[in-house]
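*Asks:* Attaching a single structure in structure tokens format; questions to follow.
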Amino acid sequence: MRTVAVILAVLTGLIVLLGYFFPVLSGVQTVVLSWTIILAGTATVVGVFSLILVHFNKVTRREKGSVYSVLLLMALFVTFIFGITLGPDDPNMQLLVNAIIVPVESTLMALLAVTLLYAGVRLLRRRTDLMSVIFLLTAAFMLFASATLPFGEISLLNNWIRPWVQQVLALGGARGILIGVALGTLTTGLRILFGADRPYGGK
Amino acid sequence: MSPDLIVGALAFLFTLMIFSYLIGDNPLFRVAVYVFVGVSAGYVAAVAFRQVLLPNLLYPLVNGTTTQRALLATPLLLSGLLLMKAWAPLSRLGTPSMAVLVGVSAAVAIGGAVTGTLLPQIGVTINMFDLRTSTSPFTALFNGAFILAGVVTTLVYFHFGARTTADGSVRRFGLIEFIAFIGSIFLAFTLGVLFAGVYSAALTALIERLYFFGTFFGLG
Amino acid sequence: MADTIKCPVCGEVNTADLEFCQNCQSRLQPFTGPLQGENAPLQPGQNPTKKVTSELEPILPQWLREARQQSRQTDGEEPRLAAQDTPTVPISSAPDLLAGLASQNDDDEDAPDWLLNITGNAPARKKKNEPEDSNVKWVEVGSPDDFSETPSEEIKTSPTTPTWMTPQESAPEKDELAAWLSQVEQSPASFADEKESPVPSVSSAPDVSSVIADKPDWLENLQAGISTIDNAPVGQPPVSGDETKDWLHSLDSGMTSLESPAQPAPVSSDETPDWLKNLGANSISFEQKPPEQPAPQNQPEPASDIPDWLRTFGEPRISSAPEGADSASNGMMPDWLKAAAPSGEKPPVDQPEPASDRSADMPSWLSSLKPIEAQQPQEPPARALTPDEAAAQKPFTAPAFAEDSLSSDDVDAIFGSLQMPDWLSSAAAPSQPPLTESPPPAAQSGESIAPAELPSWVQAMRPVESAPPNASSSELVDSAFETDGPLAGLQGVLPALPGGIKASSRPKSYSIKLNASEEQQAQSALLEQILAQETATIPMKSSSMILSQRVLRWVITALLFIFVGGILFARTEIFTLPGRIALPNDETEAALSVVDTIPEGVPVLAVFDYEPSLAGELEAVGAPLFNRLLLLKHPNLAIVSTSPTGPALAERFMSTTMAERGYQRGAQYVDLGYLAGGLAGVYDFAQNPATVLPLGADGTPVWQSALLQGKTRLSDFAAVIVLTDSVEAGRVWVEQAGPFRGNASFVVISSAQAGPLLMPYLQSGQINGLVAGLNSAAKIEQANGQPGLARRYWDAYSLGLLLAVAVMFLGGFWNFVIGLQVRRSQGAK
């Protein structure tokens, strides 16, 4: 099974990769990519099944907090049944999204504002070095420069220094991060295609 | 009671329950989170089934041509194997399907990283010093030097090759260490900007929630 | 080197007088001494050399010495030896057997009860008898005629009792021993030394050469394995060996009587040594024992103490058989060794065997223990073999009486009835079939000496350490086959050289004192400290510290809620919107210019790739640009999302935020739905949008609709607008869809958190416009001239940012001071 998995990973990966450079392989590449889309959709369903199993086990074992798992399962099955029968694009499903999903996630993101501010306050207590100071000063400056004042904005600050910091001073680091990420992606992808890394379970 | 009112009431209720976490962890917060996870998972599963599997796999298998069916035999088999991942005793059978997913994604990521990030970003870093396209050569050189310094020093900062010194400590080469120090400063600028952006986004989300409160109670 | 001995097991150097290693308790002194040179083991066909065995006396076990002590108390009548031929015995086997006796002397208290019985002491307790190993194969070396030479008078006294068990037979042997022991008493000093040193080394044995002539021959045989005394006379006059034979017969009688304890032993106490009487007391008589010749009496010559069967080694040509039988024809090799010769013809089993032939084979006591392969009744009178009979003599067959009566079960019964120690019983193989039922193959076929096993009682006499044997050690010994010497082919023979014993079965003693260097002790102390730190209870944060942190969080929350919420609910417009920047590289201006250049009524692909968590921000950030686009260009929108909740968020955006524009699904925009597969899906969609997502979210073929008629590729769209909240999603669209967008403009509407990392793509031209965060949205709203969510949020947003800056500065400075104090206090400590 492991050998088959490695062969499949390398073979399909090479087909798709070569399709970038050889248009002859674009047809096969498209077929493989369509398979991948189907598999990704199946993987989503598998993930939901796994979630169901985990919480179902918690309920059957009567573990601590199993009441919450019951709520989760009930919400999941109701939503899934309605989603299957009505369709996700149904207006009633839209109401469900607006009533639960968006408010909860947005509120969780709103809590992040408090947490980030709290972390920024306590940063210098934990760590006092040049990088921390520069980090905090830059953040404070960007926050201040992104806002306007009641009496108007500070043109030099808002229209010149802030864009320069964002597009020049911070751009170098951002580009370095992006290039680093790309290099890491390249290395990891090649290791997978060479069979050195097998994150799919082929060990 | 109109649907909008029900939706608004539920949204208000769940928002309040989540905000209760500011006081501390409490059952209301847990109820809201668990229900949210359940609804999200059910919704995602329904979307995946209705908008992915049904139009791309099941419909063509039923209504498609012979060629379509033949082409879909492989993803059908792989999908069946992938479903075994949900059951631990047979989870190994899903490995080939995962291998296809990972292999294709790795290949696509390689192509995108090379053609979409590496070459364009390296090219634009070099082209910053092309004075022919710049209206202000001094500014272009100045900005270009800053950006180049930021790119190089940041990349050096993430170079963790080191050697063991005489006293047993592990240190990078002296020049590398100095360049990495410069890179850390550039990174501090970048991360400071990112922190400000994240806080701005969170603050906007907070404002949006508060604005919802206002509109729900007729204040907004 | 002469004073020290290096332990072959552990290498420890010990003094030469030590028998066991001080370190590992392995035996240093060999049981049989070095067998080299003249003392080398006899090879088949080699004549033994006369040895003086008097020096073996000190290594005799205690029970034997006590028996000898008792024998001194008996009358000194000289034993009468039967003037018959003495069978030859492989001398090399004697050291092995007697070595076992010597080893038992090491630990008398460990002696089995049957040995204690011999010494006259009653056994302390009776142990459960275990089946004895019935593989008495080693007695195959005996001749079936060996015991047929027993005196025929025995028949008269008891038909079932052999004549050699009569007092007339055993008396000479007892007398001989008594005489020999009386000679030993003449050297009390040496005896005292023996007492002091139970197991003295051979070199330190007292000189008892004065009684060399009186010692029994079976002790002389021990000399073959001990090299201390050399140059013994090789040839001995052909004197009958009845001395030895008789006492061996007594042993046989004792062994036989073990089978029938109710039958009294026929050996009189005044004619048999005590230790033999004890043996006989526990014996049982053989059934169907053949009559034996009465032993001739009065053979007192010291030189004649050597039995004939031993003399045959020295004088092989001198046959003790009455008719001179076949000694010459057999040459130097005794008959029992000739069994190895392929020419040996197996005689009929039921053929009576003459006694004269037995003299050329082996002692009857050995032959009696031969596995019985033909237990037919033996012809009572012993007669000499004719040359033909001798030539045809079947080698390694048991004597007649043994064949008749002494089966392997009998042998087992002898020792089985006795109290056997555990280590001896464990050596037996209970599952082994009786010899009478399955005679050894070698005895049947008459072929060369086959691998054999020692009988259990012989195994009991093997040198065994005091420690109980384990399976491995027994296997180690028993698995070895003797390759040289008369015992060639036998299994389980003790090696003559100490090197043959791989390791002592005695458990090694280890010092309980810890030998640790200073470095190891230091490391141990360090480890203890580490463990102590790990196990030490960490003081929890004080409630005041936890409370202060909570208070700080509550203060921040209160400040945000009060100021941001207050100014939001107040619906103020105190803070001015940020002005547009007339710079060529401004991302917002670039986005505006892209929208402004889009032709009217063209299809535009809108990608909603953000999560519900940032829906509020993205709706506020994207609304100004979409308002401008929809208001000015009236594009046909195709909406797609790589997030499962993306289509719902897009519908929410279009139905609520953009409600003023009046866009309806199916009329002005289509929802292509959820695009699975991540970056692979994006790549596939960028190549073939109509193929990858042929149906819309509602299941309708959207690509055949009027909105997307004829649009099958990504480059057919006028612009691609990506709304994303993460760098990854924006980067995927830039990387995968960028090469396929053709002339389509690429605009990204992102959250403020993703803007800084998407900026490089804007600078590289991969993104034509970027709207990042509420600041950019406010600029677009200002450019639109129509206030929207950005304006509604702006005061609260600006106040929230300023509040954050203020809190960070004040709180940061306060915590910086606190942190310095803490670090200083920690440094002072």
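*Asks:* How large, in percent, is the carbon and sulfur part of the accessible surface of the range C:587-787 at a probe radius of 1.4 Å?
*Replies:* 47
*Asks:* Further question on the same structure: Using a 10 Å cut-off on Cβ to Cβ distances, tally the other chain neighbours for every residue of B:12-25 and report the average as a whole number.
*Replies:* Mean partner-chain Cβ count within 10 Å for B:12-25: 5.
*Asks:* Simple spin-label model, 7 Å along Cα-to-Cβ: residue A:85 to residue B:169 in nm?
*Replies:* Output for this residue pair reads 6.9 nm.
*Asks:* Computed on protein heavy atoms with a 1.4 Å probe, what is the summed buried accessible area for the chain pair A and B, in Å² to the nearest 100?
*Replies:* 9200
*Asks:* Further question on the same structure: On average, how many beta carbons from a partner chain sit within 10 Å of the beta carbon of a residue in C:808-817?
*Replies:* Mean shielding count: 6.
*Asks:* Based on the mean of other beta carbon atoms within 10 Å per residue, what is the order of B:104-113, C:548-557, most packed first?
*Replies:* The peptides rank, most packed first, as B:104-113, C:548-557.
*Asks:* Using a 10 Å cut-off on Cβ atoms, rank the peptides C:743-754, A:121-132 from the highest mean neighbour count down.
*Replies:* So the order, starting with the most tightly packed, is C:743-754, A:121-132.
*Asks:* Please determine, in degrees from 0 to 90 and to the nearest 10, the orientation of helix B:95-112 with respect to the longest principal axis defined by the Cα atoms of chain B, where the helix direction is its Cα long axis.
*Replies:* Helix B:95-112 sits at roughly 40 degrees to that axis.
*Asks:* Another question about this same structure. Indicate the residues belonging to the range C:743-777 that lose 20 Å² or more of solvent-accessible heavy-atom surface (probe 1.4 Å) upon moving from the chain alone to the assembly of all protein chains, ignoring ligands and nucleic acids.
*Replies:* Relative to the lone chain, where solvent access is computed with a 1.4 Å probe, the range C:743-777 loses at least 20 Å² at C:752, C:753, C:756, C:757, C:759, C:760, C:761, C:763, C:764, C:766, C:775.
*Asks:* Run the quick spin-label model on residue C:704 and residue C:580: label points 7 Å from Cα toward the beta carbon, then report their separation in nm to one decimal.
*Replies:* Output for this residue pair reads 4.5 nm.
*Asks:* If you take the accessible area of C alone plus A alone and subtract the pair, what total do you get in square angstrom, rounded to 100, with a 1.4 Å probe?
*Replies:* By this definition, chains C and A bury close to 5600 Å².
*Asks:* Rank by packing, highest mean first: peptides C:625-636, A:154-165, with packing defined as the count of other Cβ atoms within 10 Å averaged across residues.
*Replies:* With the highest mean Cβ count within 10 Å placed first, the list reads C:625-636, A:154-165.
*Asks:* A further question follows. Label point 7 Å out from residue A:26 along Cα-to-Cβ: which residues of the range C:683-720 have amide N under 15 Å?
*Replies:* Flagged as within label range: C:683-692, C:712-716.
*Asks:* How many partner chain Cβ atoms sit within 10 Å of a residue's Cβ in peptide C:558-569, on average, as a whole number?
*Replies:* Going residue by residue through C:558-569 and averaging, the value is 4.
*Asks:* Can you give the accessible area per residue of the range B:44-131, in Å², using a 1.4 Å probe?
*Replies:* Each residue of the range B:44-131 exposes 42 Å² on average to a 1.4 Å probe.
*Asks:* Let me make sure I get this right: for the range B:128-220, a, b and c are the square roots of the gyration tensor eigenvalues over alpha carbons, sorted descending. Under 1.5 in a/c it's rounded, otherwise prolate if a/b > b/c, else oblate. Which is it?
*Replies:* oblate
*Asks:* Using a 1.4 Å probe, what is the accessible area per residue for the range C:587-787, in Å²?
*Replies:* 26
*Asks:* Then there is this: Give the C-B buried accessible area in Å², both sides summed, 1.4 Å probe, nearest 100.
*Replies:* 3900
*Asks:* Mind checking the angle between helix B:3-19 and chain B's longest principal axis? C-alpha axes, 0 to 90 degrees, to the nearest 10.
*Replies:* Tilt of helix B:3-19: around 50 degrees.
*Asks:* For the range A:127-193, count the residues as N, evaluate 2.2 N^0.38 Å, and divide the Cα radius of gyration by that value, please.
*Replies:* Scaled against compact globular proteins, the figure is 1.60.
*Asks:* How much accessible area does residue B:217 have with a 1.4 Å probe, in Å² rounded to the nearest 10?
*Replies:* Estimated to the nearest 10 Å², residue B:217 gives 120 Å².
The values are calculated or read from the model by the stated rules, or taken from the named source; none is laboratory data. None of the values given here were measured: they were computed from a predicted structure. Using ideal geometry, Cβ is built from the backbone for each residue, glycine included, and neighbour counts are taken over all protein chains shown. Side chains are part of the model used for accessible areas, which takes the heavy atoms of the whole protein and leaves out ligands, DNA and RNA. Shrake-Rupley method; radii C 1.70, N 1.55, O 1.52, S 1.80 Å.
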